[in-house]
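Colleague: Pasting a structure below so you can have a look.
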Amino acid sequence: MMQKDNFMIKILSEQDTDLLRACAELCRDCIPDSWSYESFLSEVRRENGLVIAGWNECNQVVGFLTASYICDTADLTNIAVNPDFRQRGIAFLLLDFLLRELERSGVQTVFLEVRRSNQPAIRLYEKSGFFPVGIRKNFYQHPDEDAVLMQYQK
């Protein structure tokens with residue numbers, strides 16, 4: 001677990017049902033084709049699945065991310081921050097926490113996809129050490145859009 005000022009971050013387990021439900025609600029509000037509570041629960045039950053949540057002093061989940069890894073490679077699969085809490089460095093803190101956890105697990109390379117039009121996210125990822133390595137045509141739906149494939153290399 002990590003605490004910075006009045007903000008806490010931790011890796012969730014299946015016992016964190018309230019936090020997992022809050023992540024599912026935030027996901028539904030922020031991401032088209034969002035994950036359900038059952039999807040979050042399934043991810044924490046997987047041997048190499050991660051759900052990392054950040055919450056404030058009012059116990060309100062304000063951001064989360066999901067990732068999975070195998071051997072020395074990981075995929076960042078979701079990241080969301082409550083719109084009322086954006087531009088406060090929360091996504092950067094979540095990413096930093098994830099990259100440190102993955103490094104402890106021996107992960108050397110992390111991949112992610114991001115909508116080509118999502119320039120704020122691309123800048124965040126670049127600030128965190130990711131760089132573009134390709135384009136995935138028509139990767140996203142609702143609306144249809146290409147993805148920029150990005151990589152982090154330890």
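Colleague: Quickly run through segment 72-86 and pick out the residues that are outside any loop (DSSP other than H, G, I, E, B) and not polar (S, T, N, Q).
Modeller: ALA74, ASP75, LEU76, ILE79, ALA80, VAL81, PRO83, ASP84, PHE85
Colleague: Criterion first (in contact (Cβ under 8 Å) with a residue 40 or more places away in the chain, surrounded by 13 or more Cβ atoms within 10 Å (Cβ to Cβ) and not acidic (Asp, Glu)) does LEU124 satisfy it?
Modeller: Against the criterion (in contact (Cβ under 8 Å) with a residue 40 or more places away in the chain, surrounded by 13 or more Cβ atoms within 10 Å (Cβ to Cβ) and not acidic (Asp, Glu)), LEU124 does not qualify.
Colleague: Are there any pairs, at least 6 apart or on different chains, whose C-beta atoms fall under 7 Å, with the first in segment 1-26 and farther than 14 Å from ASN82 by Cα and without any contact (Cβ under 8 Å) to a residue 24 or more places away in the chain and the second in a helix (DSSP H, G or I) and not hydroxyl-bearing (Ser, Thr, Tyr), and if so, which?
Modeller: Correct list of pairs: empty, since none qualify.
Colleague: Okay, next question. For segment 87-98, indicate whether the set of residues that are closer than 29 Å to VAL133 by Cα, of a type in the set (D, E, K, R) and assigned to a helix (DSSP H, G or I) is non-empty.
Modeller: Yes.
Colleague: Please determine whether any residue of segment 3-11 is basic (Lys, Arg), under 15 Å from the mean Cα position of the chain (by Cα) and either farther than 15 Å from CYS58 by Cβ or at pLDDT 95 or above (or both).
Modeller: yes
Colleague: Of the residues CYS58, CYS71, only one is surrounded by fewer than 19 Cβ atoms within 10 Å (Cβ to Cβ), more than 11 Å from the chain's Cα centre (by Cα), more than 23 Å from ASP18 (Cα to Cα) and of a type outside the set (Asp, Glu); which?
Modeller: When all the criteria are applied, what remains is CYS71.
Colleague: So, one more: Would you pick out the residues in segment 77-120 that are among the polar types (S, T, N, Q) and either touching a residue at least 12 places away in the same chain (Cβ under 8 Å) or at negative phi (or both)?
Modeller: Residues satisfying the conditions are THR77, ASN78, ASN82, SER105, GLN108, THR109, SER117, ASN118, GLN119.
Colleague: While we're looking at this one, here's another question. Go through (1) closer than 22 Å to ARG136 by Cβ; (2) in a helix (DSSP H, G or I); (3) of a type in the set (A, V, I, L, M, F, W, C) and name the single condition PHE111 misses.
Modeller: (2)
Colleague: Then there's this: For segment 134-151, does any single residue satisfy the condition of being in contact with a Pro (Cβ under 6 Å, 6 or more places away or on another chain), farther than 25 Å from THR17 by Cα, part of a strand (DSSP E or B) and not aromatic (Phe, Trp, Tyr)?
Modeller: Yes, segment 134-151 contains a residue that is in contact with a Pro (Cβ under 6 Å, 6 or more places away or on another chain), farther than 25 Å from THR17 by Cα, part of a strand (DSSP E or B) and not aromatic (Phe, Trp, Tyr).
The values are calculated or read from the model by the stated rules, or taken from the named source; none is laboratory data. Everything numeric here is computed off the predicted structure, so don't read it as measured data. Backbone-built Cβ (ideal geometry, glycine too); neighbour counts: all protein chains shown.
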